[in-house]
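Engineer: Sharing a structure, written as structure tokens. Questions coming.
The values are calculated or read from the model by the stated rules, or taken from the named source; none is laboratory data. Treat the numbers as computed from the prediction; the structure is a model and nothing was measured. Here the Cβ is made from the backbone with ideal geometry for all residues, glycine too, and neighbour counts use every protein chain on show.
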Amino acid sequence: MKKISTILLLIIAFTGCTPKEKTIIKAEKPIMAENKTAIVYTSAHNTDLKLTLTDTLKFNDFKQPLETESAISVDPSKQFQTFLGIGAALTDASAETFYKLSKENQDLFMEAYYSVDKGIGYTLGRTIINSCDFSSESYTYIEEGDSELKTFNIDHDKQFRLPFTKLAIAAAGGKLMMYASPWSPPAFMKTNNNMLQGGKLKPEFYQPWANYYAKFIKAYEKEGIPIWGLTVQNEPMATQTWESCIYSAEEERDFLKNYLGPTLEKEGLGDKKIIVWDHNRDLMFQRASVILNDPEASKYVWGIGFHWYEDWKDGIPMFNNVKAVNEAFPDKNLIFTEGTNEKYDLTRIVSEDPKLAERYGKSMINDFNNGTVAWTDWNILLDETGGPNHVGNLCFSPVHGDTKTNELLFTNSYYYIGHFSKFIRPGAKRISSVSSANNLITTAFINEDGGIVVVVMNHGDAAISYSVTMNLRIAELHAPAHSIQTIVL
């Protein structure tokens with residue numbers, strides 16, 4: 001396998017610089033309405049364009065596009081959900097990899113993800129309760145058999161994950177919207193007496209397990225890590241070779257309304273946002289219907305979380321299921337809680353396989369257009385093998401750290417995510433943005449300062465010339481093949 005150091009310039013170079021010289025190009029302040037101009041940032045596969053400032057647009061008097069022309073129409077007067085943020089999971093694997101890098105690259109990594117000016121401005125984070133597959137081993141916070149939780153402590157996390165998370169919060173300016181997810185209760189609480197391979201939570205441990213969440217939140221907050229919310233269970237319908245636990249829709253509903261919700265309120269944690277489902281788009285409507293049609297369960301639910309695995313039926317992601325939940329339960333929030341490209345293969349990064357980054361672009365654009373308020377990538381950092389992972393479930397990450405050569409590898413997925421997270425800021429409102437071309441997909445937001453951000457992705461093999469129309473003004477653009485652009489007005 002090639003060492004990462006030999007391919008850095010192919011993957012992360014832009015404007016002639018490696019990450020050690022600069023992270024990404026600093027966002028220029030757009031010239032606003034008086035000159036009717038906008039600026040454009042572009043990333044394109046097999047080019048040096050990586051979140052690169054490529055154009056300044058002048059908007060002219062409107063002219064009707066022809067049906068044979070590609071056009072994006074933006075209407076800022078049509079506003080929808082409020083945007084919360086974009087981020088990633090701060091797993092054990094990410095933390096362990098981070099601390100194997102040099103201090104210089106640790107600082108670069110934090111800047112690259114969390115700085116708004118020099119990086120891509122992440123504002124959201126996910127952490128884990130007990131171990132997951134992206135841990136070096138299985139562990140819990142209590143001694144086996146301790147149903148009263150007398151031995152509860154988070155000492156395990158103090159070596160890597162807690163200091164890593166604190167650095168991320170500091171790099172984000174002192175505030176990061178963190179939520180937590182469990183993969184499995186302790187083995188003795190489960191029907192299969194194993195943290196791995198599925199199994200269910202035994203009814204007699206519903207209350208001790210609810211107490212466990214409260215203890216975790218309080219322990220993390222005592223360490224200076226505020227917890228904004230939590231999911232009830234990661235992937236509650238998947239029997240995995242790693243940590244997993246199965247809940248039917250009715251079981252998740254009843255655990256929430258009879259144990260978890262009341263326990264958090266009793267412990268003074270009733271302000272924590274509870275997210276149900278936390279699994280794929282395919283069954284999210286069924287799960288939402290069972291839980292949210294029960295008023296006693298629904299009152300505890302802030303939103304529905306979802307992943308992107310196993311729902312690309314016939315090659316087409318099931319984005320309509322996100323839309324269906326949004327339409328049926330408009331008072332609840334939608335949050336993408338996990339997604340990653342599976343089966344790590346460095347050659348796909350070296351060759352700039354567009355499917356890797358475009359999976360992010362397609363999902364983010366469609367999820368936002370269907371009402372999603374926040375979007376969370378899976379591991380924020382992995383090593384040169386796609387791990388560490390204690391069951392061999394090796395995956396891609398937007399950034400990989402080679403622990404042998406001390407190199408950081410910024411993949412195109414990092415830049416594609418940055419086309420959203422850097423420019424669309426918390427508090428923004430989604431606005432209408434519609435494409436007339438199948439190979440051009442788009443979403444748009446208006447930030448609280450009035451600035452408008454339009455993201456356009458060309459997932460076709462050919463370059464496309466297109467126009468953007470807004471408020472009866474029009475500008476002409478060019479999108480390279482397999483590219484993504486952010487237009488900042």
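Engineer: Do you know which residues across segment 377-398 are β-branched (Val, Ile, Thr) and crowded, with 23+ Cβ neighbours inside 10 Å?
Structural biologist: Within segment 377-398, the subset β-branched (Val, Ile, Thr) is 380, 385, 391.
Ile380, the sole residue that qualifies.
Engineer: Could you figure out which of (1) more than 17 Å from Ile365 (Cα to Cα); (2) surrounded by 16 or more Cβ atoms within 10 Å (Cβ to Cβ); (3) modelled with pLDDT under 95 isn't true of Val301?
Structural biologist: Among (1) more than 17 Å from Ile365 (Cα to Cα); (2) surrounded by 16 or more Cβ atoms within 10 Å (Cβ to Cβ); (3) modelled with pLDDT under 95, the lone unmet condition for Val301 is (3).
Engineer: Tell me the residue from Ala444, Ala428 that is over 26 Å from Glu104 (Cα atoms), small (Gly, Ala, Ser) and surrounded by fewer than 24 Cβ atoms within 10 Å (Cβ to Cβ), please. If you could, list the steps in order and put the result at the bottom.
Structural biologist: Numbers: Ala444 fails: surrounded by fewer than 24 Cβ atoms within 10 Å (Cβ to Cβ).
Just a single option satisfies the conditions, and that option is Ala428.
Engineer: While we're looking at this one, here's another question. I'm trying to understand the selection: among the residues of segment 190-237, which are of a type in the set (A, V, I, L, M, F, W, C) and in contact with a Cys (Cβ under 9 Å, 6 or more places away or on another chain)?
Structural biologist: We begin by selecting, within segment 190-237, every residue of a type in the set (A, V, I, L, M, F, W, C); these are 195-196, 201, 205, 209-210, 214, 216-217, 219, 225, 227-228, 230, 232, 237.
Across segment 190-237, the qualifying residues are Met195, Leu201.
Engineer: So Thr442 ticks every box in (1) among the hydroxyl-bearing types (Ser, Thr, Tyr); (2) touching a helix residue (DSSP H, G or I) at 6+ places or on another chain (Cβ under 6 Å); (3) within 16 Å of Val488 (Cβ to Cβ) but one. Which box is left unticked?
Structural biologist: (2)
Engineer: Next question. Would you kindly identify the strands (runs of 3 or more DSSP E) lying entirely within segment 416-489 that contain at least 1 residues that are within 19 Å of the chain's Cα centre (by Cα) and not small (Gly, Ala, Ser)? Spell out how you get there, then give the answer.
Structural biologist: Working: elements: 429-435, 440-446, 452-458, 464-470, 473-479, 483-488.
So the answer is 429-435, 440-446, 452-458, 483-488.
Engineer: Counting only residues that are assigned by TED's automatic domain parsing to the domain that holds Thr469 and among the hydrophobic types (A, V, I, L, M, F, W, C), give me the strands (runs of 3 or more DSSP E) lying completely in segment 40-104 with at least 3 of them. Spell out how you get there, then give the answer.
Structural biologist: On the way: elements: 52-58, 70-82, 85-89.
Per the criteria, 70-82.
Engineer: Another question, then. If the Cβ limit is 6 Å and pairs must be 6+ apart or interchain, which residue in segment 138-165 that is without any contact (Cβ under 8 Å) to a residue 24 or more places away in the chain and within 18 Å of Glu96 (Cβ to Cβ) pairs with which residue that is assigned to a loop (DSSP other than H, G, I, E, B) and of a type outside the set (S, T, N, Q)?
Structural biologist: Taking only residues 6 or more apart or on different chains, the pairs are His156/Tyr139.
Engineer: Being assigned by TED's automatic domain parsing to the domain that holds Phe368 and either in contact with an Asp or Glu (Cβ under 6 Å, 6 or more places away or on another chain) or not aromatic (Phe, Trp, Tyr) (or both) is true for just one of His482, His478, His419. Which residue is that? Steps first, answer last, please.
Structural biologist: Values: His482 fails: assigned by TED's automatic domain parsing to the domain that holds Phe368; His478 fails: assigned by TED's automatic domain parsing to the domain that holds Phe368.
Among His482, His478, His419, only His419 is assigned by TED's automatic domain parsing to the domain that holds Phe368 and either in contact with an Asp or Glu (Cβ under 6 Å, 6 or more places away or on another chain) or not aromatic (Phe, Trp, Tyr) (or both).
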